[in-house]
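Read through the structure below, which is laid out as structure tokens, and then see the notes.
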Amino acid sequence: MSRLTSYAGKSALITGASSGIGRLLALRLSRAGARVALVARRESELRNVAREIESGGGEVLVLPCDVADRAEVFACAARAVARLGDVDILVNNAGYGHHRPFLDWELDDMERMLRVNFLGTLYWTKALLPQMVERGAGWLVFVASVAGKLAVPDESAYVASKFAMVGLAETLSIELEDHGVHVLTVCPGTVNTPFFDSEALERMPPVARRMMIDPDTVVTATLDALARGHHEITVPRMIGAGYVVRAVAPAFMRRRTKRTTIGAVAQRRTSS
Ligand SMILES: NC(=O)c1ccc[n+]([C@@H]2O[C@H](COP(=O)([O-])OP(=O)(O)OC[C@H]3O[C@@H](n4cnc5c(N)ncnc54)[C@H](OP(=O)(O)O)[C@@H]3O)[C@@H](O)[C@H]2O)c1
């Protein structure tokens, strides 16, 4: 178990740092003393985050990059190492979701989502892990989702991308343990960020809306888990009870999932 309790002198690269969880995490890591590299497509948003970090006296590097583009990822990783030195902490956080029934979902769109959410994670890990293993130290953080542990109807491609991410992270956490690299998987429930547009908010089942948390809660839980040397967290913790229910009473879980998702949406349509 490798506890991360001090960020002074460390460098961190965060994907999806232009918004939501990634933006907040970058600000918190910088405030704790880390040098940070910010990755996302929207350079102007990254520059805003960078200005905030610099105004607090932090060192920051802006790396505009589409994580779905393998060559771009490897070029950006090389720039990060050249400027910040070896990266101690990689946070694979970039990602997005859609709500569509499988049959209505354009294949190109599904493929793109898997590319961004899963392959982007794979590329960044491949690019930065070797230098961590060589040094015998490093931390990989995978911002997955509860949707990487439990099925959610109408989110098939997103769920598949997050299950893949959880599988990769869990495997690496075992494979890398003896190489000094610690892996943490973060599985948030519903978080109040620009991830949800107005259509998604409208469709959201009441149970998910009721349990919506602030990104700050996810970031605090992540830093706490790193300090304690945990390998996987679910935020809020109580959602993790669903994993146990699924394991011991799968038929009950299927009925409940259907009722609280597809059933709740259909009921809202009839009553409106
Ligand atoms: N919000 C939730 O309820 C929730 C729940 C569970 C898990 N998560 C996960 O948490 C992570 C962060 O989401 P969030 O809630 O903070 O959403 P967000 O505010 O929409 O942030 C998503 C980030 O990903 C970046 N991104 C998207 N596509 C990208 C691409 N092709 N290349 C590079 N960067 C890309 C976006 O930047 P650009 O647009 O500038 O590229 C943005 O910085 C995601 O992986 C999401 O699946 C979110």
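Table for the structure above
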{"item": "Amide hydrogen neighbours beyond the local backbone of LYS10, cut-off 5 Å, H modeled", "result": "ARG35"}
{"item": "The stretch 192-208-the stretch 26-43 distance, computed between alpha-carbon centres (Å)", "result": "26"}
{"item": "On Cα atoms only, tilt of 20-31 relative to the major axis of the chain in degrees", "result": "30"}
{"item": "At 1.567 mPa s and 4 °C, Stokes D of the stretch 103-245 from Kirkwood alpha-carbon radius, µm² per second", "result": "80"}
{"item": "Relative contact order of the stretch 11-271, pairs being alpha-carbon contacts under 8 Å that are 6 or more residues apart, as %", "result": "16"}
{"item": "Rh by Kirkwood over Cα pairs, then Stokes-Einstein D for the stretch 11-271 at 1.567 mPa s and 4 °C, µm²/s", "result": "69"}
{"item": "Spacing of the two label points (7 Å from each Cα toward its C-beta) at ILE174 and ASP197, in nm", "result": "4.0"}
{"item": "Selected from GLU106, GLU177, GLU72 as most flexible by GNM, with the chain as the system and alpha-carbon contacts under 10 Å", "result": "GLU106"}
{"item": "Rounded to 10°, Cα long-axis angle of helix 120-135 versus longest principal axis of the chain", "result": "40"}
{"item": "Phi to ³J(HN,Hα) by Karplus 6.51 cos²θ - 1.76 cosθ + 1.60 over the stretch 165-178, Hz, x for Gly, Pro", "result": "5, 5, x, 4, 5, 5, 5, 5, 4, 7, 4, 9, 3, 7"}
{"item": "Rel. contact order, % - alpha carbon contacts under 8 angstrom, at least six apart, the stretch 1-135", "result": "25"}
{"item": "Those aspartates and glutamates that a straight Cα-Cα span of less than 13 Å connects to LYS10, excepting residues fewer than 8 apart in one chain", "result": "GLU59, ASP86, ASP88"}
{"item": "Long-range HN-HN contacts of THR234 with modeled amide H, under 5 Å", "result": "CYS187"}
{"item": "Hits among lysines - C-alpha to C-alpha of LYS149 under 20 Å, sequence gap 8 or more where chains match", "result": "LYS162, LYS258"}
{"item": "Residue of ASP86, ASP224, ASP109 that the Gaussian network model of the chain assigns the largest fluctuation, springs spanning Cα pairs under 10 Å", "result": "ASP109"}
{"item": "Under 20 Å from the LYS258 label point (7 Å along Cα→beta-carbon), backbone N, the stretch 191-220", "result": "205-208"}
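Throughout, read-outs are computed from the coordinates displayed, never taken from laboratory work. Note that the structure is a prediction, hence the values are computed from the model and not measured. Note that each Cβ is placed from the backbone with ideal geometry, even for glycine, and that neighbours are counted across all protein chains shown.
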